[in-house]
Every structure is written in C-alpha cells, then in structure tokens.
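Every number in this text was worked out from the coordinates using simple rules, so none of it is lab data. All of these numbers come straight from a predicted model, not from anything done at the bench. Ideal geometry is used to build each Cβ from the backbone, glycine not excepted, and the neighbour counts take in all protein chains shown.
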Amino acid sequence: MKALTWHGVHDVRVDNVPDPKIQEPTDAIIKVTSSGICGSDLHLYEVLGPYLDPGDVLGHEPMGVVEEVGAEVPNLQRGDRVVIPFNISCGHCHMCQTGLMSQCETTQVREYDTGASLLGYTKLYGQVPGGQAEYLRVPQAQFGPIKVPEDPPDDRFLFLSDVLPTAWQSVEYANIPRGGSVAVLGLGPIGEMSTRIAQHRGAEVIGVDLVPERLARAATHGVRTIDLEEAGSELASQVRELTDGRGPDAVIDAVGMEAHGAPVGKLAHRLTGLLPDAIAQQLMSHAGIDRLSALHTAIDLVRRGGTVSIGGVYGGAISPMPLLQMFDKQITMRMGQANVKRWIDDILPLLNDPDPLGVDDFASHRLALTQARQGYEMFQKKQNGAFKVVLNP
Ligand SMILES: NC(=O)c1ccc[n+]([C@@H]2O[C@H](COP(=O)([O-])OP(=O)(O)OC[C@H]3O[C@@H](n4cnc5c(N)ncnc54)[C@H](O)[C@@H]3O)[C@@H](O)[C@H]2O)c1
Ligand SMILES: [Zn+2]
Ligand SMILES: [Zn+2]
C-alpha cells in the first residue's frame, strides 16, 4: 500500500510499504478514507527526529471503513464507518476507567516512562505505524474506534480523532467561570476550535496569533483578535484593557514547543536535527529544548488566581519556568494529551445540523495521499492559506 513515511528533518515521502495485518485478536484493519495532518506532526517534521526511524509511517487523525476484525472485537463489523482516536487505549484499566485514556496502563510505553501509545508518533509513544496511509492496523479496536453514521461527509466526524477532543479538553481544563473570559494563544486548528467551543459555552474569547489569515478566520466568528507581531511588548496591556484591567480568567496555550519568538530554543531544535540520535536523545532528555515564549506569555497574561490550560505539546525534560511569577500569581495549570474517548459523548450531539462548531468547513485543503509531501510543507510554512490539511487516500 501507499503510506506517508518519515525520512528526516523536513523530509516526508509517500512510499510503498507492506499492507498491515491483524497481529492481535483485539486488532482491526481499516481502509482509510480521510486522515488529518496535525500541528503535532510538524514537531516530527522539525524537532522530534531523534525518536523516529526512516520509514516510520506517520498520521494519527484517521477515519475510514472497517476491512477486517480480530477474534476479540465484537463491537465492529466489516463495513462499519469509524473514526480512530489518536491515543490507543484499552478502556478497562484503572486509568481508562477514570477517564484518563491518554494514560492507559495497558498501552503505556514503559521503556520511556510515557503514557498511552499513540498512532504514528515516535518511539516515545510506541512507534505504532500511523494512519496517513491507505490501510491502518488499529490496536485495542475493542474500545477505540468511534462508529459514526453513514450519510454526512467525512469532515463532519473526522475531527473527533484529535482536534475536537483536544480543544474540548483545553476548554474544560481552562475552568472558565460562567460568563468569564479566556485568551487563546495560537489560532491553528487546535486554538481556533478551542475559541469556538469556549464561545459555544458562553465565554468571552480573545485570540492571539501572528498569521493574518488565521486572525481573520477567528474574527469572523466574534473572537477579539490581537496580532502578536503588531502588539509586541504591548500584548499584556492590550489583553488587560479587554478584561477590566485584570487579565482573562483563563489562558489556553495552543502553541506548544515551536513557539515563535524564542531564539535560544531554535538553536537547540537545530542541534537535535544535526546530532546522531543517541546523543540528541540525551540532549533532549537532559536540557531544555522547548521554546517557551507562548507558555511564559500565558502565565503573564492570566489574571491572579486564574487557570492556564496547556494543549500545545512540550517535549524538553528540564525547561526553565517563571516559578516566582507562577507562585506569586497563584495560578492553576492543567495540561496533557487529550483523553479522546472521555469527551466523545459531550461532542457528538454538536456534530449535527446546523453544525454549531463549523466542522464541515473546518479543513482548508483536501489533498490526495500522493500529495502529502506538499501538504506538510504548505501547512508548516502556512502557505496558500493552509490551515488544516486533510489527506484522502
Ligand atoms: N494535547 C493534545 O492532545 C494535542 C493534540 C493535538 C495537537 N496538540 C498540539 O497543539 C498545538 C497546536 O496544534 P495545531 O494543529 O493547531 O498547530 P499549528 O502549528 O497550526 O498552530 C500553532 C499556531 O500558533 C501560532 N503561534 C506560534 N507562536 C506563537 C506565539 N508565541 N503566540 C501565539 N501564537 C503563536 C502559529 O502561528 C500557529 O498558528 C501543537 O503544539 C500540537 O502539537 C496537542
Ligand atoms: Zn493531532
Ligand atoms: Zn487502558
């Protein structure tokens, strides 16, 4: 089959690879019909190379049609239409039972002391072949796949794999009081969807980014936007002006480790791409590799006693943080990979007409799988208005 494979920094290719097969009785095989490219894939494209091998198949936002099921997957049948969560979770361990599917104890990667395995996401998360491919092996298929109705187009449901539950969890963790305010840093797919969900729940929403098309997109549905580049050192005072001088009740960081405006981290990122894997892994686990400008901004902006919710992914083991300010402002911080299945029952009722979260028009580009290389480049460089790229194998 054809699949999008990783070969190095800024080097992904569509290769022919062996078709996946059922390996465990709890596996299923799906024929992929749509597969998103995510901001998290850009970290693989740029920073996390030391944890990948050439030929690894990427992609963790797939949906499709069931082809084959193992002996212990009574919930699925050939022909079912399903969305696959990006975290691989069993549904029956202690963590899954408490709603923390991203910490699943059955699929945790003990070698690296990390949480649940993820589709297509490095050795840190199990090196499981991903879903930017014609076919996908779905482990723990007795629990993960979300069955969806036949009629609406794929995009109505595709974002249940990652964007919707991640944005939902970011808003949930932001703990915005009734009628309160939230500032969302980063208006990529995760941040923009977070603004929609926060608005749907009645919050006043401020959005910050530096890409004009992304600011404009959020402004069309009533987000008060601030251009980071234009605001410069005035960002905090502009946000306070909009929030009674105090700062918003919550700030969501939907940027993560590749934040704009942090030159030191940029050098560390380049280094990790140039060093042999073993040495780069040492560097990454013993030094700060994150570009923390967005997170520091979040801590600075939030009102005293407010909440910072981190949806963006960070990866360095020792990252210097403004502890004095965090303590002095008495803020609450919550974070983590989305517990996808935890939020599906809350979100599904909103995936109906009149499409209150705007999922039908959320993707900016739909490309054939064979054009995936261009899709990555365009999304990373934010060219041609690329906002969310969906591949159709
Ligand atoms: N927690 C999870 O489970 C989970 C799931 C999916 C994605 N993510 C993470 O969420 C983040 C966003 O993903 P995305 O798909 O929206 O990607 P994206 O890269 O398109 O979005 C990031 C946005 O942040 C903006 N930005 C950069 N620096 C900024 C700064 N200093 N201040 C404000 N904005 C800034 C960029 O212009 C861009 O629009 C990534 O870190 C991704 O890894 C986390
Ligand atoms: Zn993703
Ligand atoms: Zn589990």
Pairwise centroid distance, computed over Cα atoms, of the stretch 135-153 with the stretch 294-333, Å: 36
What Rg and what Dmax come out for the stretch 1-40 when only alpha-carbon atoms are used, in angstroms? 12.9, 36
Considering the Cα trace of the chain, what is its radius of gyration and what is Dmax, both in angstroms? 20.1, 61
Assigning unit charges at the beta carbon (Lys, Arg +1; Asp, Glu -1) and nothing else, what dipole magnitude in debye, to the nearest 20, does the chain show about its Cα centre? 460
At a temperature of 37 °C and a viscosity of 0.692 mPa s, determine how fast the stretch 90-247 diffuses translationally according to Stokes-Einstein, using the Kirkwood radius over alpha-carbon pairs as Rh; express D in µm²/s, rounded to the nearest whole number. 180
Per-residue Cβ contact counts at 10 Å, fewest first, order 193, 257, 326 as 326, 257, 193
Where does each of 184, 109 land when they are ranked from fewest to most other beta-carbon atoms within 10 angstrom? 109, 184
Using only Cα atoms, tell me the angle between helix 163-174 and the longest principal axis of the chain; keep it within 0 to 90° and round to the nearest 10. 40
For the stretch 41-55, what does the Karplus curve 6.51 cos²θ - 1.76 cosθ + 1.60, with θ = phi - 60°, yield as ³J(HN,Hα) per residue in whole Hz, taken in order and with x for Gly and Pro? 5, 5, 5, 6, 5, 10, 9, 8, x, x, 9, 10, 10, x, x
Please rank 187, 118, fewest neighbouring Cβ atoms within 10 Å first, as an exposure proxy. 118, 187
Which cross-chain or sequence-distant (5 or more) residues have an amide H under 5 Å from the amide H of residue 332, H modelled 1.01 Å from N in plane? 306, 307, 308
So how tilted is helix 189-200 from the main axis of the chain? Cα-based, degrees 0 to 90, rounded to 10. 70
Fraction in percent of alpha-carbon pairs per bin - 5 Å, the stretch 156-195: 6, 24, 29, 23, 11, 6, 0
Ratio of the Cα radius of gyration of the stretch 178-226 to 2.2 N^0.38 Å, where N counts its residues: 0.98
Suppose we keep just the alpha-carbon trace of the stretch 50-137; what are its Rg and Dmax in angstrom? 13.6, 39
Over the Cα atoms of the stretch 335-378, each weighted equally, I'd like the Debye log10 I(q)/I(0) at q = 0.14, 0.19, 0.27 Å⁻¹, rounded to two decimals. -0.59, -0.84, -0.89
